[in-house]
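Colleague: One structure is given below, represented as structure tokens, and several questions about it will come after.
Every number in this text was worked out from the coordinates using simple rules, so none of it is lab data. What you see is a predicted model; the values in this text were computed from it and never measured. No Cβ is skipped: glycine too gets one built from the backbone with ideal geometry, and neighbour counts run over all protein chains shown.
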Amino acid sequence: MAQPTAAALGPADDAASRPPSMTLHRYTNRQEAPLCWILFALAAGSLAPLVTSGPDTITISICSPLAALFAVLGCAFMWLETSDEGDHLVVRFGPLTLARRRVSYDRVRAVRRDRSSLLEGWGIHLGPRGWIWNLWGREVVELDLDKGRIRIGTDDPEGLLAFLQDRCDLD
């Protein structure tokens, strides 16, 4: 038996009455950034010594893994997607998903819009103001959790903030 699509469920359908596999996504945002192109350029640049000095064993053993690493990171950091997955928010880099974070809505105590510092930069790391997941830019939405804090970079801070305030019943 085929499962109904989101359109077939209709607006009056209550999300709580549906099985998790049929939960509608109320928020999804995919931020794309040129970071991947910087990584791809580094991958290509890592291969330059093979062309200029010839493919000797040492050059191949250093340049090839370095180029592969930058290429994989380029594929992993093409975009940052933040999406509603029913009872939790999922933040993941992609399309090659090497890093993903799930945040249960019942753990969220407060949310606010903020800006990251230049020192906090991009990527995934623990900083003085909690974990940061950021692809590009300085706009973040900060979530205070029952244990810790996460700062999510986004090009839609108002939309994410409004969604989280509504979904988590916060003012």
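Colleague: By how many nm would the segment from Ala99 to Leu69 lengthen if fully extended, with 0.36 nm per residue of separation less the alpha-carbon distance? Show your work: numbers first, answer last.
Modeller: Numbers: separation 30, 0.36 × 30 = 10.80 nm, distance 1.53 nm.
Full-extension gain reported as 9.3 nm.
Colleague: Return, ordered by residue number, the residues of the range 124-161 whose backbone nitrogen is under 11 Å from a label point located 7 Å along Cα→Cβ of Ala110.
Modeller: Within reach of a label on Ala110, which here means backbone N under 11 Å from a point 7 Å along Cα→Cβ, the range 124-161 contributes 143-145.
Colleague: Any idea what the dipole of the range 68-171 comes to, in debye rounded to 20, about its Cα centre with Lys/Arg Cβ at +1 and Asp/Glu Cβ at -1? Intermediate results must be reported in sequence, preceding the final value.
Modeller: Values: 15 positive and 17 negative charges, 102 e Å.
The dipole of the range 68-171 has a size of about 500 debye.
Colleague: Another question about this same structure. Working from the alpha-carbon coordinates of the range 43-171, get Rg over Rh, Rh being the Kirkwood radius. Walk me through the numbers on the way to the answer.
Modeller: Values: Rg = 18.8 Å, Rh = 16.4 Å.
Taking Rg over the Kirkwood Rh, I get 1.14.
Colleague: Report, as a whole number in µm² per second, the diffusion coefficient that Stokes-Einstein gives for the range 35-76 at 37 °C and 0.692 mPa s using the Kirkwood radius over alpha carbon pairs.
Modeller: Numbers: Rh = 10.1 Å.
Using the Kirkwood radius from Cα pairs, D works out to 325 µm²/s.
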